[in-house]
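Q: For reference, the structure I am asking about is given below.
The values are calculated or read from the model by the stated rules, or taken from the named source; none is laboratory data. Since this is a predicted model, take the numbers as computed values, not measurements. We place every Cβ from the backbone using ideal geometry, glycine too, and count neighbours over all the protein chains shown. The accessibility values were calculated without ligands, DNA or RNA, using every heavy atom of the protein model including side chains. Shrake-Rupley method; radii C 1.70, N 1.55, O 1.52, S 1.80 Å.
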Amino acid sequence: MLLRPFLDGDLLELRVAHADPEVIRLTGIAGRQHSEEKLVHWYDTRNAQTDRLDLAVVDRATGACVGEVVLNQWDAHNRSCNFRTLIGPGGRDRGLGTEAVRLIVGHGFERLGLHRISLEVYHFNPRARRVYEKVGFVAEGVLRDALRDDDRWVDATVMSILAPEWAAHRGHPEG
């Protein structure tokens, strides 16, 4: 697995990921999917952003883009940012997501000088929460009724990891 800037050829796999029912539900974008035109524009402009870092998650075995990792909502004064990820069907259940999270978080602390990286994970996504915990993210609290999922409300857990924690375990807190 490797992380790199987006290439024009990634759009096919990203379309598949954005149309995947599991991605739509787990990322909370249900009802807010982008049109083809907006999706193309979004990925065409990611590499030019100066206040965020969007990278393609690439399966080395196939060369295919299987998702993305993003450091956004940059707060320069507090040296902090938000993290989010999306892994499509072609990248699941092989450890690529865990490896991608470790790489981008390590980059954030070791190369960008961040002090804090935070995220939100919906309660119906225990697989993602386990990945974040494996990398060293710690639960801080719950945002109640943060997402409307069909006819019910779903909570989100706020998690973060700090630079001193990363320095102590480098994304392997369990051993």
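Q: Among the numbered criteria (1) basic (K, R); (2) at pLDDT below 90; (3) closer than 29 Å to E140 by Cα, which single criterion is violated by R79?
A: Of (1) basic (K, R); (2) at pLDDT below 90; (3) closer than 29 Å to E140 by Cα, only one is false for R79: (2).
Q: Further question on the same structure: Please report, ordered by residue number, the helices (runs of 4 or more DSSP H) entirely within segment 1-66 with at least 3 residues that are surrounded by fewer than 16 Cβ atoms within 10 Å (Cβ to Cβ).
A: On the way: elements: 11-19, 21-26, 36-45.
Where helices (runs of 4 or more DSSP H) fall fully within segment 1-66 and carry at least 3 residues being surrounded by fewer than 16 Cβ atoms within 10 Å (Cβ to Cβ), they are 11-19, 36-45.
Q: Answer yes or no: is there a residue in segment 116-125 that is within 26 Å of V16 (Cβ to Cβ), in contact (Cβ under 8 Å) with a residue 24 or more places away in the chain, of a type in the set (F, W, Y) and surrounded by fewer than 20 Cβ atoms within 10 Å (Cβ to Cβ).
A: Yes: segment 116-125 contains one or more residues that are within 26 Å of V16 (Cβ to Cβ), in contact (Cβ under 8 Å) with a residue 24 or more places away in the chain, of a type in the set (F, W, Y) and surrounded by fewer than 20 Cβ atoms within 10 Å (Cβ to Cβ).
Q: Does G91 qualify as being farther than 22 Å from R130 by Cβ and at pLDDT below 95?
A: On the way: farther than 22 Å from R130 by Cβ: no; at pLDDT below 95: yes.
No.
Q: Here is a list of conditions, (1) touching a Phe, Trp or Tyr at 6+ places or on another chain (Cβ under 8 Å); (2) touching a residue at least 12 places away in the same chain (Cβ under 8 Å), and D145 meets all of them except one; can you say which number that is?
A: Only one criterion in (1) touching a Phe, Trp or Tyr at 6+ places or on another chain (Cβ under 8 Å); (2) touching a residue at least 12 places away in the same chain (Cβ under 8 Å) is unmet by D145, namely (2).
Q: Also, I was wondering about something else. Scan segment 133-168 for residues that are over 20 Å from the mean Cα position of the chain (by Cα) and either at pLDDT 95 or above or under 17 Å from L103 (Cα atoms) (or both) and jot them down.
A: Passing the criteria: R144, D145, W153, P164, A167, A168.
Q: While we're here: Would you check which residues across segment 81-90 are part of a strand (DSSP E or B) and buried (at least 18 other Cβ atoms within 10 Å of the Cβ) and list them? Give the steps one after another, and end with the answer.
A: From segment 81-90, those part of a strand (DSSP E or B) are 81-87; that's our starting set.
C81, F83, T85, L86, I87 - these are the residues of segment 81-90 that are part of a strand (DSSP E or B) and buried (at least 18 other Cβ atoms within 10 Å of the Cβ).
Q: Oh, and also: Identify the single condition in (1) part of a loop (DSSP other than H, G, I, E, B); (2) in contact with a strand residue (DSSP E or B) (Cβ under 6 Å, 6 or more places away or on another chain); (3) surrounded by fewer than 17 Cβ atoms within 10 Å (Cβ to Cβ) that N72 does not satisfy, given that it satisfies every other one.
A: Exception for N72: condition (1).
Q: So which residues in segment 125-164 are more than 22 Å from G95 (Cα to Cα) and either touching a Lys or Arg at 6+ places or on another chain (Cβ under 6 Å) or in a helix (DSSP H, G or I) (or both), if there are any at all?
A: The answer is D155, L162, A163, P164.
Q: Residues in segment 91-115 that are in a helix (DSSP H, G or I) and open to solvent by less than 50 Å² (accessible area, probe 1.4 Å): how many? Walk me through it before giving the result.
A: Initially, segment 91-115 is screened for residues in a helix (DSSP H, G or I), giving 91, 96-110.
Those still in the list that are open to solvent by less than 50 Å² (accessible area, probe 1.4 Å) too: 91, 96-98, 100-101, 104-106, 108-109.
Of the residues in that region, 11 qualify.
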